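The values are calculated or read from the model by the stated rules, or taken from the named source; none is laboratory data. Values in this document were obtained by computation on a predicted structure and should not be read as measured data. Please note: Cβ atoms are built from the backbone with ideal geometry, for glycine as well, and neighbour counts cover all protein chains shown.
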Amino acid sequence: MIPEIGHILLILTFVASILQVLFWCFNIKKSDDITINVLIKSTFINFVFILFSFGILVYSFIISDFSLVIVSDNSHTLKPLIYKISGTWGNHEGSLMLWILILSFFTFLVSRKKHQIPYKLLSSIIGIQTIILCLFLSFILFTSNPFERLNVLPIDGNGLNPLLQDPGLALHPPLLYFGYVGLSVSFSFAVGALITGEINKEWARQMRPWITIAWSALTIGIALGSWWAYYELGWGGWWFWDPVENASFMPWLIATALLHSVRILEVRFILINWTILLSILGFSFSLLGTFIVRSGLLTSVHAFASDPSRGLFILIILGIATGGPLILYATKTSLFKEDKSQFNIISKESALLINNLFLTTAAATVLIGTLYPLFLDAFNGNKISIGPAYYNATFAPIMAPVILLMAIAPFLSWGIKKPNKIAKKLIFLSVITFLGGLGLFMIDESSLFSIICGSLAIWLLTGVIVDLTFQIKATNLRLNSFKAIFLYFSKNNLGVHIAHMGVAVFLVGVTGEQFYKTEFNIKKNVGDIINVGNKSLIFDKVETLPGPNYKSETATFTLLKNKKIIDVLKPEKRFYPIEKSQTTEAAILSDFWGDTYLVLGDGNKETGWSIRVYFNPLISWIWGGAGFMALGGLVSILQSRKSRKKLKNAI
Amino acid sequence: MNPKYRRLIIIVFITLTLGLATKLILMALEENIIYFFTPNEIKVKYGNKQDIQKKIRVGGLVLENSVIKKDGTTKFNITDRSHQIEVLFDGPLPDLFREGQGIVVEGMFQNNKLIASQVLAKHDENYMPPEVADALIKNGVWQGEKK
């Protein structure tokens, strides 16, 4: 009975949202209090209904209601509670429920901005968001009903794919979807501007926090996915340029470009059309990502069983959501008049503009690499795959100038009003980078790319530090207390600096992992010692241990450095009897300078075990860097909120 | 600066970037494409496997009773139920590697054996790589749901 309520709630929301869209269409020109209040209230009702419906689904998973198809397919009574809950979105139907829940949540949040956003724009934003909601609700109701019942009640469920029973992956989809769906808000802002024909600096200012929050969530979501792949798959790598990874990375690149172009628009009131186009593309790429993951058209190392007919439906949604706005874009953009008075080649806006161009080009290379195999297959039936080598040859050289400019852009000022005094900073920056590069050359002169990559990291890191110190010096401020430092930073664009520093930290990690790692396979038995440099691993024992819903074969290694015991590593192989599958749990010892990563392969007492050993220098900096990027985003949102409040108080 | 001049600079810059990017992409595509074959296609196209000097991907099922593990090296046959190829791999196998499972092997031929650099099996035991599924359908041995 309870699941039926969930289903009925979904149907009601579907009907209500269609009525809401119709209401909006008939009142598109109106901007009175009554119209806007009807739209806001119905948005709230949609959100509450979907929340309840989703809650019912989660509840069905918690109580293991195996009369539901998706519960019996993806859950089991013996599964730990957290994975029963995360199992809700660990499957196709449930993940779509999460999608619409986040979508209606974002729509609800925007609708509360009645006092900041002009009524005409707000009603359009709600209208567009509700159309997207309608499309996805019909997708769920017609092709992927999560509340479908089984005729015969099974005794127990099939369990969740053991690889998904993991805390990193329990959080990965919600954050990723938060990012994907968050981009729908800027999409609706853009389409709203096209419909109302009105755009101004305030529009950009209202839109920017939404992009920032989506971007931050996307950053963390992607990083979590990469981290999960690193420790769970036991391949030692963190990024494989796999279609599914690219699917989330393309919207990220576009969102990064958008984040900067909307800032230019906010300050200088130029690049209106470009910003609108990016807003539309950002969400289109999110939908494309959903399509790639859900359709199963592309071979992916992370692929799960999927259904092509559902892919077609998403393709239709993608067509409507991209085609419609682009037609509107083509007909309406001539309406917008930019501020064309001043333009200086050496200014912040031109640096940001060039980076925008590079970022979108980079996104295009990823898109081509991802979709080219599909085209070739359709064109002449040749099946191909495109691996990391392609991306190293295209994506990396395009991103190098982005990093170069990223360090300099914060030095520059907007427009042409102030002369740019950047010579001193540039000299400082170049000298330090040169010395750093020289140092890298001394460590390993053979690899040119490691020197380039490492130097770029040093360049960016130094750029951030130089900019901050020069700013502090220029203000003659005595930053001797925590409060003074805090006040100082809250006045300046601290968020930008944190995020840029995140990119630098990330690059340091990439340099270490890509160019200085060691990996090898070895066959060893209990009692043997593996020596690598000043480190040695002693193979102590292998034992069979029981887990909550699996059996584990656990090996124990003692890690010594300079003959001193550092720690004990326990790589495992787990066997899940319910799912009848086995997973490898790598043992990872992480510290600031790098990871020791051990994988236990097949073997037995007679022949020994095959063991894979990795030393990955600086690899945790990769995810740390992503963390800093997201933190930078959050800080900049808080800053703009705070400055707005101050502005209000001042008035 | 006058708007016309500004627009010109922007257009020239965009053209240059896109031109450069296109050049890079085309070069990279030419060099880094890895072709996918089924064992049967290899037999038909290249009777002698030595003729394939490039890294390729081969998809199929792990032939039953063909897996031999010795000293960390795994030897097995990959089949599309009409032809089979011997594969050698000296790395840790993916967890879902087992006999009868659909997999994709990446590597180069040496002495008529495929020396694998990577063995890909998916995260999901019911999952079949689309290329492998197509090949099985072609040979009429597809047992899963109709595509």
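Hey, does segment A:168-181 have a residue that's outside the structural domain of A:Pro3 (by TED's automatic domain parsing), farther than 27 Å from A:Pro80 by Cα and among the aliphatic types (A, V, I, L, M)? Checked against the condition, which is being outside the structural domain of A:Pro3 (by TED's automatic domain parsing), farther than 27 Å from A:Pro80 by Cα and among the aliphatic types (A, V, I, L, M), segment A:168-181 yields at least one hit.
Looking at segment A:370-389 only, could you name the residues that are at the interface with chain B (Cβ under 8 Å from one of its Cβ atoms) and in contact with a strand residue (DSSP E or B) (Cβ under 8 Å, 6 or more places away or on another chain)? Give the steps one after another, and end with the answer.
First pass over segment A:370-389, keeping only residues at the interface with chain B (Cβ under 8 Å from one of its Cβ atoms): A:372, A:382-387, A:389.
Passing the criteria: A:Tyr372, A:Asn382, A:Lys383, A:Ile384, A:Ser385, A:Ile386, A:Gly387.
Taking A:Asp33, is it modelled with pLDDT under 95, acidic (Asp, Glu) and surrounded by fewer than 15 Cβ atoms within 10 Å (Cβ to Cβ)? When the stated conditions are applied, A:Asp33 passes them. State yes or no: is A:Leu150 surrounded by fewer than 16 Cβ atoms within 10 Å (Cβ to Cβ) and over 22 Å from A:Ile18 (Cα atoms)? Yes: the conditions hold for A:Leu150.
If a residue has to be of a type in the set (Gly, Ala, Ser), without any contact (Cβ under 8 Å) to a residue 40 or more places away in the chain, closer than 18 Å to B:Gln118 by Cα and more than 10 Å from chain A (Cβ to nearest Cβ) to count, how many in segment B:19-74 make the cut? Talk me through it step by step, then tell me what you get.
First, the residues of segment B:19-74 that are of a type in the set (Gly, Ala, Ser): B:19, B:21, B:28, B:47, B:59-60, B:66, B:72.
Filter again for without any contact (Cβ under 8 Å) to a residue 40 or more places away in the chain, leaving B:19, B:21, B:28, B:47, B:66, B:72.
Still in the list and also closer than 18 Å to B:Gln118 by Cα: B:72.
After this cut, where a residue has to be more than 10 Å from chain A (Cβ to nearest Cβ) as well, the list is none.
Number of matching residues: 0.
Residue under question is A:Ile403, and the condition is that it be under 18 Å from A:Ala257 (Cβ atoms) and part of a helix (DSSP H, G or I); does it hold? It would help to see each step written out before you state the result.
Working: under 18 Å from A:Ala257 (Cβ atoms): yes; part of a helix (DSSP H, G or I): yes.
Judged against the criteria, A:Ile403 is a match.
One residue stands out among those in segment A:378-400 that are out of contact with any helix residue (DSSP H, G or I) (no Cβ under 6 Å at 6 or more places or on another chain) and assigned to a loop (DSSP other than H, G, I, E, B): the one that is surrounded by the most Cβ atoms within 10 Å (Cβ to Cβ), which is A:Gly387. Scanning segment B:91-113 for residues that are free of Cβ contacts under 8 Å to residues at least 24 places away in the same chain and crowded, with 16+ Cβ neighbours inside 10 Å returns a single hit, B:Pro92.
The numbered conditions (1) within 10 Å of chain A (Cβ to nearest Cβ); (2) at pLDDT below 80 are all true for B:Val141 except (1).
Sub-6 Å Cβ pairs linking a first residue in segment A:76-88 that is over 19 Å from A:His172 (Cα atoms) to a second residue that is in a helix (DSSP H, G or I) and of a type outside the set (A, V, I, L, M), at least 6 apart or interchain, number zero.
Selection of segment A:494-541 for residues being more than 14 Å from chain B (Cβ to nearest Cβ), over 38 Å from the mean Cα position of the chain (by Cα), surrounded by fewer than 19 Cβ atoms within 10 Å (Cβ to Cβ) and assigned to a strand (DSSP E or B) yields A:Ile529, A:Asn531, A:Ile538, A:Asp540, A:Lys541.
When segment A:66-124 is limited to residues that are of a type in the set (Lys, Arg) and assigned to a loop (DSSP other than H, G, I, E, B), the one that is modelled with the lowest pLDDT turns out to be A:Lys79. Would you confirm whether or not segment B:8-20 contains a residue that is more than 14 Å from the chain's Cα centre (by Cα), assigned to a helix (DSSP H, G or I) and in the same structural domain as B:Val132 (by TED's automatic domain parsing)? No: zero hits.
Report whether or not A:Ser455 is polar (S, T, N, Q) and either at pLDDT 90 or above or in a loop (DSSP other than H, G, I, E, B) (or both). It would help to see each step written out before you state the result.
Working: polar (S, T, N, Q): yes; either at pLDDT 90 or above or in a loop (DSSP other than H, G, I, E, B) (or both): yes.
So A:Ser455 fits the description; yes.
If you go through segment A:573-583 one residue at a time, do you hit one that is in a strand (DSSP E or B) and within 30 Å of A:Val508 (Cα to Cα)? Spell out the reasoning first.
Going residue by residue through segment A:573-583, those that are in a strand (DSSP E or B) are A:573-576, A:581-583.
This time we only want the ones that are within 30 Å of A:Val508 (Cα to Cα), so: none.
Taking every residue of segment A:573-583 in turn, none turns out to be in a strand (DSSP E or B) and within 30 Å of A:Val508 (Cα to Cα).
If we scan segment A:570-593, do we find a residue that is over 27 Å from A:Ile220 (Cβ atoms), at pLDDT 85 or above and more than 14 Å from every other protein chain (Cβ to nearest Cβ)? Yes.
Determine whether segment B:111-131 contains at least one residue that is at pLDDT below 80, within 15 Å of B:Ile85 (Cα to Cα) and not small (Gly, Ala, Ser). So far as segment B:111-131 goes, no, none of its residues is at pLDDT below 80, within 15 Å of B:Ile85 (Cα to Cα) and not small (Gly, Ala, Ser). Exactly one residue out of A:Leu426, A:Leu412, A:Leu405, A:Leu468 is within 14 Å of another protein chain (Cβ to nearest Cβ) and of a type outside the set (Lys, Arg), and it is A:Leu405.
Give segment A:330-352 a look and list any residue that's of a type in the set (A, V, I, L, M, F, W, C) and either more than 8 Å from chain B (Cβ to nearest Cβ) or over 19 Å from A:Ser261 (Cβ atoms) (or both), or say none.
Start the filter on segment A:330-352 by keeping residues that are of a type in the set (A, V, I, L, M, F, W, C), which leaves A:330, A:335-336, A:343, A:345-346, A:351-352.
Passing the criteria: A:Ala330, A:Leu335, A:Phe336, A:Ile346, A:Ala351, A:Leu352.
Screening A:Thr554 against (1) within 14 Å of chain B (Cβ to nearest Cβ); (2) β-branched (Val, Ile, Thr); (3) assigned to a strand (DSSP E or B) leaves a single unmet condition, (1). With respect to A:Tyr597, determine if the residue is buried (at least 20 other Cβ atoms within 10 Å of the Cβ) and not acidic (Asp, Glu). Against the criterion (buried (at least 20 other Cβ atoms within 10 Å of the Cβ) and not acidic (Asp, Glu)), A:Tyr597 qualifies. Pairs linking a residue in segment A:183-204 that is assigned by TED's automatic domain parsing to the domain that holds A:Val21 to a residue that is part of a helix (DSSP H, G or I) and at pLDDT below 95, with Cβ atoms under 7 Å and 6 or more positions apart or on different chains, do not occur.
Please tell me if B:Ile9 is within 12 Å of chain A (Cβ to nearest Cβ) and not small (Gly, Ala, Ser).
Details: within 12 Å of chain A (Cβ to nearest Cβ): yes; not small (Gly, Ala, Ser): yes.
Judged against the criteria, B:Ile9 is a match.
Kindly establish whether A:Phe54 is at pLDDT 95 or above and crowded, with 20+ Cβ neighbours inside 10 Å.
Answer is yes for this residue.
Just give me the residues in segment A:265-279 being in a helix (DSSP H, G or I) and either basic (Lys, Arg) or surrounded by fewer than 24 Cβ atoms within 10 Å (Cβ to Cβ) (or both), in sequence order.
Taking segment A:265-279 first, the residues in a helix (DSSP H, G or I) are A:265-268, A:272-279.
Scanning segment A:265-279 gives A:Glu266, A:Val267, A:Arg268, A:Ile272, A:Asn273, A:Trp274, A:Leu277.
Scan segment A:336-351 and tell me whether some residue there is within 19 Å of A:Gly197 (Cα to Cα) and surrounded by 14 or more Cβ atoms within 10 Å (Cβ to Cβ). Within segment A:336-351 (the criterion being within 19 Å of A:Gly197 (Cα to Cα) and surrounded by 14 or more Cβ atoms within 10 Å (Cβ to Cβ)), the answer is yes, since at least one residue qualifies. May I ask you to list the residues in segment A:133-162 that are in contact with a helix residue (DSSP H, G or I) (Cβ under 6 Å, 6 or more places away or on another chain) and at pLDDT below 90? Matches in segment A:133-162: A:Thr143, A:Ser144, A:Leu150, A:Pro154, A:Gly157, A:Asn158, A:Leu160.
Taken over segment B:79-107, the criterion of being within 14 Å of chain A (Cβ to nearest Cβ) and part of a strand (DSSP E or B) is satisfied by B:Leu88, B:Phe89, B:Gly102, B:Ile103, B:Val104, B:Val105, B:Glu106, B:Gly107. Looking at segment A:600-620, is at least one residue of a type in the set (Ser, Thr, Tyr), more than 16 Å from A:Glu232 (Cα to Cα) and within 10 Å of another protein chain (Cβ to nearest Cβ)? Scanning segment A:600-620 turns up at least one residue that is of a type in the set (Ser, Thr, Tyr), more than 16 Å from A:Glu232 (Cα to Cα) and within 10 Å of another protein chain (Cβ to nearest Cβ).
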